[in-house]
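Before any comments, here is the structure.
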Amino acid sequence: MLAEIGRHCLTLSLLCAAWAALAGFLGGKFHHFPVFISARRSLYAGTGLLVAASAILIHANLTNNFSLWVVASYSNINLPTFYKVSAMWGSQAGSLLLWALILSCFSSIVVFQYRRRNDDMIPFVASILGGILVFFLILLNFNSNPFTMLASPPLDGNGLNPQLQTPLMVIHPPLLYIGYVGFSIPFAFAIAALLSGRLNDVWIHRTRRWTIFSWFFLGIGILLGAYWAYIELGWGGYWAWDPVENAALVPWLTATAFLHSVMIQEKKRMLQTWNMVLVILTYCLCILGTFITRSGIISSVHSFTVSNLGPLFLVFLAILFGASFLLLVYRLPELKSPNKLNSLVSRESSFLFNNLFLLACAFAILWGTLFPILSEAVRGVKITVGPPFFNQVIAPIGLALIFLTGVCPLIAWRRATLKHLLRNFRYPVGAGMAGALLLPLFGFRQVYSILAISLCLFVFATIILEFFRGTQARHRMTGEPSPLAFFRLINRNRRRYGGYLVHLGILFMVVGITGSWNYQQ
């Protein structure tokens, strides 16, 4: 009975998403607000239906309802309750349901946020999110329905893979999905801006927090997945360049590039086309990563078994990519930035170089991941691309990125003078050089190790210098005690100093990875 209700919930949610996509587009195209209201209500209804379907599936796992094939395949009587809940996303169908549920919830939150505004952009946002949801619900209804019944239910199920019976695997997939799905919101706003012709900075301001939110959860998901591989699979080290690991890292890198370049658009009205490209590219790479995980075309402990979902994801990806860039080309004349780059020695250029290195890193990882697949498809011979390739290519790009992490905050906008450079960089450069001279005394022999730690010291000094100068300036201006001035400085400039804290986190990771590689432990 409950399984039947679950199937009906999926069917009705598909109809709701389809109507939201159609009504949202018509409401935006013809500026008919009541039609958009119906689209918004359809998204709410679809969310409620998917919550009900998810609750039914979890209930089936908890009550050992082995008449459902997903329960019989991924749960059993003796499985702890903790893992019976996570068995929902242990299956292909259950993970697709989780994806659709998160997307539906995020879509409802967005349209609820702007419910009181008669806005030209929001109906298109609802339409795009509804359209994406339609794709996943088509997969759930016609390809991987979790409520498919078995003719002869077994007395006990197969149980969950022992490797997945760890707290990390309960937390890691939902966090990763939140990151992947979250990027659909910036993508929807970018395409809505192109459709509505509102190409000013409004869509940037509305999506910045969603981008940070998605970037954060995707990053945490990647780290937890790497830690799981480290302790559960015994790979050692911190990163094995597994294809599924790489597939998640690539959109994280392009999103990182967007979070940096968007500051240039906000402050200098530059890189408008570039930011559109980055948002579209990031979401398309999320779908590509999902395709790699679910198609079964690669051999990885992270991926699902071979399925017929691969071609469907490829078609969806082609539609997304093709339609987005056709729309981008159509609006290209309106996206031209009024300002130009004045000097190569400026903060604008350092941000641009940062973007280029991040994209070079993403492209190299993507190429190394996809090359074995392309080679087998074209030549019939599968060539393995292992860690030595990635380490050799990514290491110099990574060092350049660390260097720019220290340069960007201290270099001036528009054009930096020699006097400004000498004043800002003498102490950080001194810290880096001292590190390079002292590190061999602590057993560092490889050139890359010494360079990496020295650059980390250089960046660390630039960050400390920024906090020190900001605190001193506020102390002189307000007369506040230095500790109070420090905390109020951060509170009033959370974007800037929060970014520095993120950079500090990256530095600690680089030091840990470099030390592990240098000492081989």
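Packing around the peptides 151-161, 501-511, 166-176, taken as the average count of other Cβ atoms within 10 Å per residue, puts them in this order, highest first: 166-176, 501-511, 151-161.
Residue ranges 400-411, 354-365 sort as 400-411, 354-365 when ordered by packing (mean number of other C-beta atoms within 10 Å per residue, highest first). Taken about its Cα centre, the chain carries a charge dipole of roughly 2240 debye when the Cβ of each Lys and Arg holds +1 and the Cβ of each Asp and Glu holds -1. Here the spin labels are modelled as points 7 Å beyond Cα on the Cα-Cβ line, and at Ile5 and Leu437 they lie 7.5 nm apart. Each of Ser73, Ser349 has its accessible area taken with a 1.4 Å probe; listed largest first, they run Ser73, Ser349. The gain in end-to-end length when the Phe112 to Ile319 segment is fully stretched comes to 71.7 nm, 0.36 nm per residue minus the alpha carbon separation. With the whole protein complex present, Arg269 retains an accessible surface near 100 Å², based on a 1.4 Å probe.
The angle separating the long axis of helix 447-478 from the principal Cα axis of greatest extent in the chain is about 80 degrees. Applying Stokes-Einstein at 37 °C and 0.692 mPa s to the Kirkwood radius of region 453-521, computed over alpha-carbon pairs, gives a translational diffusion coefficient of 246 µm² s⁻¹. Can you give the angle from 0 to 90° between the axis of helix 167-182 and the longest principal axis of the chain, with both taken from C-alpha atoms, to the nearest 10? Helix 167-182 sits at roughly 80 degrees to that axis. From the largest down, region 1-63 spans 49, 13, 12 angstrom on the principal axes of its Cα atoms. Working from label points 7 Å from Cα in the Cα-to-Cβ sense, the Ser337 to Ile506 distance is 1.9 nm. When both region 488-521 and region 32-90 are represented by their alpha-carbon centers, they are found 38 Å apart. As I understand it, the dipole of the chain uses +1 on the Cβ of Lys and Arg and -1 on the Cβ of Asp and Glu, about the Cα centre. Which of Leu150, Leu507, Pro372 lies farthest toward its positive end? Among Leu150, Leu507, Pro372, the one farthest towards the positive end of the dipole of the chain is Leu507. Shown is the FRET efficiency for Ile171 and Ile513, computed with R0 = 22 Å from the Cβ-Cβ distance and rounded to the nearest 0.05: 0.45. Of the whole protein surface, Lys84 contributes about 10 Å² of accessible area at a 1.4 Å probe radius. As a rough guide to protection, the peptides 214-224, 277-287 ranked by mean Cβ packing within 10 Å, highest first, stand as 277-287, 214-224. Which log10 I(q)/I(0) values, to two decimals, does region 180-255 give at q = 0.14, 0.28 Å⁻¹ under the Debye formula with one point per Cα? Rounded to two decimals, the profile gives -0.55, -1.22.
To the nearest ten degrees, helix 482-492 and the longest principal axis of the Cα atoms of the chain are 50 degrees apart. Can you check what the net charge comes to around Ala23, using other residues whose Cβ is under 13 Å from the Cβ of Ala23 (Lys, Arg +1; Asp, Glu -1)? Combined, the nearby Lys, Arg, Asp and Glu give +3.
Within the shell of other residues whose beta carbon sits under 14 angstrom from the beta carbon of Ser13, the net charge comes to +2, with Lys and Arg scored +1 and Asp and Glu -1. The distance between label points at Ile383 and Phe30 comes to 5.6 nm (points 7 Å beyond Cα on the Cα→Cβ vector). Looking at the chain, the pairs of alpha carbons with a distance over 45 Å make up 20% of the total.
Of the solvent-accessible surface of region 418-521, computed with a 1.4 Å probe and all protein chains present, 70% belongs to carbon and sulfur.
Given a Förster distance of 35 Å, report the FRET efficiency between Asn308 and Leu356 from their Cβ-Cβ distance, rounded to the nearest 0.05. That gives a FRET efficiency of 0.35.
The values are calculated or read from the model by the stated rules, or taken from the named source; none is laboratory data. What you are looking at is a predicted structure, and each value in this text was computed from that prediction instead of being measured. Methodologically, a virtual Cβ is constructed for each residue, glycine included, from the backbone with ideal geometry; neighbour enumeration extends over all protein chains shown. Accessible surface areas use protein heavy atoms only, side chains included; no ligands, DNA or RNA. Shrake-Rupley method; radii C 1.70, N 1.55, O 1.52, S 1.80 Å.
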